[in-house]
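Note sheet for the following structure.
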Amino acid sequence: MVSALAQPVKPAEQVLVDLDVPACPEMVQAISASHTVETHQLRESLERRAADQRLRDEMARYDFSGERYQQFENELARYGMSVLRGWMYTGNIFKLTATRKLFLAPTDAELEELYRDSAAREELAIMK
């Protein structure tokens, strides 16, 4: 049985630094806006990770099997295929494979086909 219990997701600790810098109102407003955006992004990230943890815990409770897990597998596969097809469409897949020392050299015609032919991308994405 796979143990899926882990530490709760916690926000990263932040170090606050007190700087003695005179600030003009425009600077304070820009910093405040930047801080608001960053805080929003951090909150979204934390909420997403907490939701992922809850999903993982639920799957573990049923030993990663059953109808709910089957639905999860199917959704994960759909997502993966969508990402893979996108990488093929843009050609980014060749940069990614090169970072793993798998150097592919598609011809211009092959790149063009991947760009324009959705069926070709689909066929490659579902190969076993």
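Values computed for the structure shown
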| read-out | value |
| --- | --- |
| Search result, residues across the range 68-93 that are more than 15 Å from the chain's Cα centre (by Cα) and touching a residue at least 40 places away in the same chain (Cβ under 8 Å) | ARG85 |
| Residue within the range 100-107 that is within 30 Å of GLU58 (Cα to Cα) and of a type in the set (A, V, I, L, M, F, W, C) present | no |
| Test: residue in the range 49-67 that is in contact (Cβ under 8 Å) with a residue 60 or more places away in the chain and either among the acidic types (Asp, Glu) or assigned to a helix (DSSP H, G or I) (or both) | yes |
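One line per residue, one yes/no per condition, for (1) farther than 23 Å from ILE126 by Cα; (2) surrounded by 12 or more Cβ atoms within 10 Å (Cβ to Cβ); (3) modelled with pLDDT under 95:
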residue	(1), (2), (3)
ASP52	yes, no, yes
ARG56	yes, yes, yes
TYR62	yes, no, yes
GLY66	yes, yes, yes
TYR69	no, yes, yes
PHE72	no, yes, yes
LEU76	no, no, yes
GLY91	no, yes, yes
LYS95	no, no, yes
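The values are calculated or read from the model by the stated rules, or taken from the named source; none is laboratory data. None of the values given here were measured: they were computed from a predicted structure. Backbone-built Cβ (ideal geometry, glycine too); neighbour counts: all protein chains shown.
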